[in-house]
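J.: Got a structure for you, questions after.
Please treat every number below as a calculation from the coordinates, not as lab data. Remember, predicted model here, so these are calculated numbers, not experimental data. All Cβ positions, even for glycine, are placed from backbone atoms using ideal geometry, and neighbour counts span all protein chains on display.
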Amino acid sequence: MIEATDFRDAMSLLTTAVNIITTEGSAGVHGFTASAVCSVTDTPPTLLVCMNQTSRSHGHFVENKTLSVNVLGAQHEPISNAFASKLSSQERFEYGSWSQLKTGAPVLEDALVSFDCEIQDIQQVGTHSVFMCRVVAIRQSEQEESLVYFNRAYSRVGQVDQVEIA
């Protein structure tokens, strides 16, 4: 049997994008930092997002039935930390500039890319809920570097202009 700590240690070596997942609706506005986001299919455009069922905002996402996946750029480490902290929802959204697309879920203005989604289905798997999310709007930025998480630390990946020294 594989121990949970061994599994978490092994998974820390899987490089992942850093995302802020947000929702807004009758249950209010909430958001959290997540790495467990994955494309499911492009027809219809669908993502999956995993969230711990014990999270203080879990019920809000279930009730609102919408979410936005905001893929963070290299400069967003402070926002990632804020949304992973014990700050209140209101305090978290003081970081960054936010707007909305189709569902009303908050979209980070300068995110690398934002996927605005309707939650179509929720599966319970162990300690987590897996949200199957139909993408209804997308907004991309011109940024060229992504914030990723590897071996329990942030890194940056992407295109960096080459500077020629004469």
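J.: Where the eigenvalues come from the Cα gyration tensor of the chain, what are the semi-axes √(5λ) of the equivalent ellipsoid, largest first, in whole Å? Please report the intermediate quantities before stating the final value.
T.: On the way: eigenvalues 124, 88, 52 Å².
Gyration-tensor ellipsoid for the chain: 25, 21, 16 Å.
J.: Can you tell me the order of 107-120, 125-138 when each peptide is scored by its average per-residue count of other Cβ atoms within 10 angstrom, highest first?
T.: Ranking the peptides 107-120, 125-138 by packing returns 107-120, 125-138.
J.: Follow-up. Taking 0.36 nm per residue of separation and subtracting the Cα-Cα distance, what length does fully extending Arg156 through Ile138 add? Walk me through the numbers before you get to the answer.
T.: On the way: separation 18, 0.36 × 18 = 6.48 nm, distance 2.25 nm.
Length difference between fully extended and current span is 4.2 nm.
J.: Let me ask something else about it. Sort by residue number and name the cysteines in the chain that have no neighbouring cysteine Cβ under 4.7 Å.
T.: Taking the Cβ cut-off of 4.7 Å, the unpaired cysteines of the chain are Cys38, Cys50.
J.: Specify the residue with the greatest mean-square fluctuation among Asn81, Asn70, Asn19, computed from a Gaussian network of the chain linking alpha-carbon atoms under 10 Å apart.
T.: Looking only at Asn81, Asn70, Asn19, the biggest GNM fluctuation is shown by Asn81.
J.: Calculated from DSSP H runs of 4 or more alone, at -39500 (n - 2.57) each and per residue, what is the 222 nm mean residue ellipticity of the chain, nearest 500?
T.: Values: 4 runs with 26 residues, N = 166.
Counting only the DSSP helices, I get -3500 deg cm²/dmol.
J.: Still on this structure: Modelled label-to-label distance, Glu109 and Glu145, 7 Å Cα→beta-carbon offset: nm?
T.: Computed distance between label sites Glu109 and Glu145 equals 2.1 nm.
J.: Suppose a student asked you for the relative contact order of the chain, using Cα pairs under 8 Å spaced at least 6 residues apart; what percent would you report? Let's see the in-between values first.
T.: Values: 352 pairs, mean separation 43.5, N = 166.
Reported as a whole number, the value is 26 percent.
J.: What spacing in nm lies between the two simple spin-label points modelled at Gln123 and Ser55, each 7 Å away from Cα in the Cβ direction?
T.: 1.8 nm
J.: So, one more: Ranking request for peptides 49-56, 73-80, 8-15: highest mean number of other beta-carbon atoms within 10 Å first, then the rest in descending order.
T.: 73-80, 49-56, 8-15
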